[in-house]
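Down below is the structure, laid out as structure tokens.
The values are calculated or read from the model by the stated rules, or taken from the named source; none is laboratory data. In this text the structure is predicted, and so the values were computed from the model without any measurement. Note that we place each Cβ from the backbone using ideal geometry, even for glycine, and neighbour counts take in every protein chain shown. The accessibility values were calculated without ligands, DNA or RNA, using every heavy atom of the protein model including side chains. Shrake-Rupley method; radii C 1.70, N 1.55, O 1.52, S 1.80 Å.
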Amino acid sequence: MLFKPLDKISGAIVSLTKMSSALILVLLLMPGARPAWAEAFDIVGFGDSLMAGYQLAPGEAFPEKLETAMRDNGNDVTVANAGVSGDTTSGGLSRLDWSVPEGTDLVILELGANDMLRGLSPAATEKNLDEIVTRLRQRGIDVLLVGMYAAPNLGPDYQEAFNAIYPRLAEKHDLPLVPFFLDGVAANGSLLLEDGMHPNAKGVDLMVERILPRVEALVEGEKPKM
């Protein structure tokens, strides 16, 4: 008689264990489910001064503000800043392996503005970006491609050649595309630094606001519409 209560307790524990196991299995099978104990979704912002946060205060760069916005929305993410001011697509390609560590889930690829400002060959820019995307995909890392538009003073032929780079790469590699990183910010003096080229803190806020839904969709395992 003294052992019956212990038998009942033991049976209850077994039942609870089975229920817990079943619940865990259901949660794991849910589309886009990330268990509470899973590691954070790791994002790398890979780009130039627009990504690095040129002349901005600590915490005001695009990756930092994107991470804050995503965490405020309940996303368990980290967004590392791998932006280098003045970087070209060639420079990005040369530092790719050590700038994007193993375990990265998503790279926000933003390069090409300095190629354009230096009047470099659009064909060479596209080749470098294509190689960066290829190597990231070979490592199992998703890519959100962020585009740039050529300045009008470079002439219509250069504009046409350069502006076609990002849509063509997005189609080739089946990538989600943000056509223009500075959309809504370029040419708006209230959102730019005194140089008229780089976003100020308010400009970065708008950039984050516009790109946030696309990044969240990728984190949730969905591909945003082009």
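Cβ separations smaller than 7 Å between residues 6+ apart or across chains give the following pairs from segment 163-186 residues that are without any contact (Cβ under 8 Å) to a residue 24 or more places away in the chain to residues that are open to solvent by less than 30 Å² (accessible area, probe 1.4 Å) and among the hydrophobic types (A, V, I, L, M, F, W, C): ASN163/ALA150; PRO167/LEU177; VAL185/LEU191; VAL185/LEU192; VAL185/MET207. Any residue that is over 21 Å from the mean Cα position of the chain (by Cα), at pLDDT 95 or above, at positive phi and part of a loop (DSSP other than H, G, I, E, B) - is there at least one of those in segment 57-80? No, because not a single residue in segment 57-80 is over 21 Å from the mean Cα position of the chain (by Cα), at pLDDT 95 or above, at positive phi and part of a loop (DSSP other than H, G, I, E, B). Residues of segment 91-123 that are open to solvent by less than 50 Å² (accessible area, probe 1.4 Å), within 22 Å of TYR158 (Cβ to Cβ) and either part of a loop (DSSP other than H, G, I, E, B) or among the polar types (S, T, N, Q) (or both): LEU111, GLY112, ASN114, GLY119. Scanning segment 80-90 for residues that are in contact with a Leu (Cβ under 9 Å, 6 or more places away or on another chain) and buried (at least 22 other Cβ atoms within 10 Å of the Cβ), we see that the one that is farthest from TYR158 (Cα to Cα) is GLY83. Evaluate segment 200-213: report whether one residue or more is open to solvent by less than 50 Å² (accessible area, probe 1.4 Å), in a strand (DSSP E or B) and either under 22 Å from THR68 (Cα atoms) or free of Cβ contacts under 8 Å to residues at least 40 places away in the same chain (or both). No, every residue in segment 200-213 fails to be open to solvent by less than 50 Å² (accessible area, probe 1.4 Å), in a strand (DSSP E or B) and either under 22 Å from THR68 (Cα atoms) or free of Cβ contacts under 8 Å to residues at least 40 places away in the same chain (or both). Total residues in segment 139-176 satisfying the condition of being assigned to a helix (DSSP H, G or I), touching a helix residue (DSSP H, G or I) at 6+ places or on another chain (Cβ under 8 Å) and open to solvent by 80 Å² or more (accessible area, probe 1.4 Å): the figure is 3.
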